[in-house]
Amino acid sequence: MISAAKIYFILFGLLTLAGGIIGYMGVGSVQSLVIGSVAGIIFLIGGFLISPTNPVGLWVSLIASVLIAGRFLPKLLKGGVHVVDEAAPLRVVGAWIIAAMGPLGVVGALLAFAALFLKK
């Protein structure tokens, strides 16, 4: 379970980082670049720190997942992302992917914590 969580959070970090860059290049969103870069780097750090003996990486990844889910889910569920230009469908799909990966990351981190502590 630990190795699956490690892979998930590294991929989540790469996707989040790429999403921020795409948001900036597509529509010039500095907010997307900054948030995507910071969150992506945090997920990458958390993913690389995950180990069977040290829960620090899981804590970092869990907190980042909660923050991402808390940022994206309420806005998307209220219909906060609208199609207003050619790049908007890509933004909507990207926002939904990140919003879905946040709660999945929370569940994955909690399952990895359970596996880590049940072994002891």
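The values are calculated or read from the model by the stated rules, or taken from the named source; none is laboratory data. Quick caveat: nothing in here was measured; it's all calculated off a predicted structure. Every residue, glycine as well, gets a Cβ built from its backbone with ideal geometry; the counts of neighbours run over all protein chains shown.
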### Looking only at region 21-56, and only at residues there that are among the small types (Gly, Ala, Ser) and in contact with a Ser or Thr (Cβ under 7 Å, 6 or more places away or on another chain), the one that is farthest from Val106 (Cα to Cα)
Gly23
### Summary
Looking across region 5-33 at residues that are more than 9 Å from the chain's Cα centre (by Cα) and of a type in the set (Ser, Thr, Tyr), the single one that is modelled with the highest pLDDT is Tyr8
### Task
Say whether the condition of being under 16 Å from Gly94 (Cα atoms), of a type outside the set (D, E, K, R), assigned to a helix (DSSP H, G or I) and in contact with a helix residue (DSSP H, G or I) (Cβ under 9 Å, 6 or more places away or on another chain) is met by at least one residue in region 44-56.
no
### Task
Kindly indicate whether Ile2 is β-branched (Val, Ile, Thr), at pLDDT below 90, surrounded by fewer than 21 Cβ atoms within 10 Å (Cβ to Cβ) and in contact with a Pro (Cβ under 6 Å, 6 or more places away or on another chain).
yes
### Task
Sort through Ala18, Ala4 and tell me the only one that's assigned to a helix (DSSP H, G or I), within 20 Å of Ala109 (Cα to Cα) and out of contact with any helix residue (DSSP H, G or I) (no Cβ under 6 Å at 6 or more places or on another chain).
Ala4
### region 25-37 - residue that is in a helix (DSSP H, G or I) and without any contact (Cβ under 8 Å) to a residue 12 or more places away in the chain and, of those, nearest to Ala100 (Cα to Cα)
Gln31
### Task
Could you identify the single residue in Val60, Val84 that is surrounded by fewer than 14 Cβ atoms within 10 Å (Cβ to Cβ) and either aliphatic (A, V, I, L, M) or modelled with pLDDT of 90 or more (or both)?
Val84
